[in-house]
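Structure first, commentary second.
The values are calculated or read from the model by the stated rules, or taken from the named source; none is laboratory data. Treat the numbers as computed from the prediction; the structure is a model and nothing was measured. In this analysis, Cβ positions are derived from the backbone assuming ideal geometry, glycine residues included, and neighbour counts consider all displayed protein chains. Keep in mind that these areas ignore ligands, DNA and RNA; they rest on the heavy atoms of the full protein, side chains included. Shrake-Rupley method; radii C 1.70, N 1.55, O 1.52, S 1.80 Å.
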Amino acid sequence: MDPVSALRRIAFLLERGQAATYRVQAFRTAAAAIKEMPPDEVAERAAMAGGLESVKGIGPKTAQVVREALADQVPGYLQRLESELEAAAPLAVGGEHLRAALRGDCHMHSDWSDGGSTIEDMGRAAAEIGHEWAVLTDHSPRLTVANGLTAERLRSQLEVVAGLNERWAPFRLLTGIECDILDDGSLDQEDELLDQLDVVVVSVHSKLRMDAAAMTRRMVAAVRNPLADVLGHCTGRLVTGRGRPESEFDADAVFAACVEGGTAVEINSRPERLDPPRRLLTRAVEAGVLFAIDTDSHAPGQLDWGIYGCARAEECGVPPERVITTWTMDDLLTWTRSREAPAR
């Protein structure tokens, strides 16, 4: 077994199980350190007592994984995690048919904003779980707490993504952004730059307790914007820990505006969000909107959380053909440019 792959797989499984960040980072840091070393040096250090542990970023546990992988063994740590995964109950009840139909994910973050992994790690993980495409959607400038990207940084990111795509075919990482919806409903990035992106997710991150009428106007203006493709986590609620209540707005008016503007409604799969709630998801189905089942991933292992959104979508009667993340990349890009949905 390749040591780097073993370390990354361990990190993926830990992330999937919502392990503490420091545990995950230990394995990702070690993977990066091993990747930078020539194979002969890795083998030489592995044969020496303490040879791997003397490398910055490699500790006793990660060194043991490397030694076992080099000995053509499945590392014990990885074997235990895989066994726990096999024995564990599924993350969600239902959703398997829709999950099998997913071709991509319209919402994921990298360490360019508030994600914990590189663009390359996120894209590679998306391809490894079977996606044909995925969209990189780091935050926009106003969300400084999440290291939102200025126009200059976003332009630099586009060059990085283009370089990765040159060697990733047939998988493709699409360009995108999670763009803040400002108080008046305008979008937090230059229109010219937004127009260059493949997918624009628009979300409310500030003044979540705004008066219902004002919040409705704000969201309606945003989803009617021709540059907006997906409305992200529409209520802003958090359902774990201390939690956060839903923002108040006229959901029927917002969903009607999504239909009018051709903007999809995100089914956010993060366990702490599960947004929109079932009652609103059902109303969105009745309104006739399109949907994007997204993970809002901030780490590779979180890309497996899509099953949460798929289960809720099936439970609430979301028609699979109205889920844009089941579409081919060509159909998706045709829709973002022309709002022409694929024929079914």
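Listing for the model above:
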| read-out | value |
| --- | --- |
| Qualifying trypsin sites (Lys or Arg not before Pro) in the stretch 242-336, DSSP loop, other Cβ atoms within 10 Å at most 16 | R242 |
| Furthest towards positive pole of dipole, M122, C179, M215, structure part the chain, Cβ charges | M215 |
| Gaussian network model of the chain, springs between alpha carbon atoms under 10 Å - residue of P39, P300, P90 with greatest fluctuation | P39 |
| With Cα atoms, 0 to 90° folded angle of helix 151-165 axis to the chain main axis | 60 |
| Local net charge near R45, Cβ-Cβ under 11 Å (Lys/Arg +1, Asp/Glu -1) | -3 |
| Global geometry of the chain, whether rounded, prolate or oblate, following the gyration tensor of its Cα atoms and the 1.5 cut on a/c | prolate |
| C-alpha long axis of helix 306-315 to longest principal axis of the chain, angle in ° | 40 |
| Loop chymotrypsin sites (Phe, Trp or Tyr not before Pro), the stretch 1-39 (other Cβ atoms within 10 Å of the site Cβ: 10 or fewer; DSSP) | none |
| Volume per residue of the C-alpha convex hull in the stretch 1-41, rounded to whole Å³ | 49 |
| Heavy-atom surface of the stretch 1-121, accessible at 1.4 Å and reported per residue (Å²) | 51 |
| Sparse-neighbour loop sites [trypsin sites (Lys or Arg not before Pro); the stretch 6-91; at most 16 other C-beta within 10 Å; DSSP] | K56 |
| Diffusion coefficient, µm² s⁻¹, Stokes-Einstein with Kirkwood Rh over alpha-carbon pairs of the stretch 83-171 at 20 °C and 1.002 mPa s | 144 |
| For L333, net neighbour charge (Lys/Arg +1, Asp/Glu -1) across residues whose Cβ lies under 14 Å away | -3 |
| Among D195, D304, D330: highest mean-square fluctuation, GNM of the chain, C-alpha pairs under 10 Å | D330 |
| Long-range amide H partners of F291 with built H, under 5 Å | V265, V323, I324 |
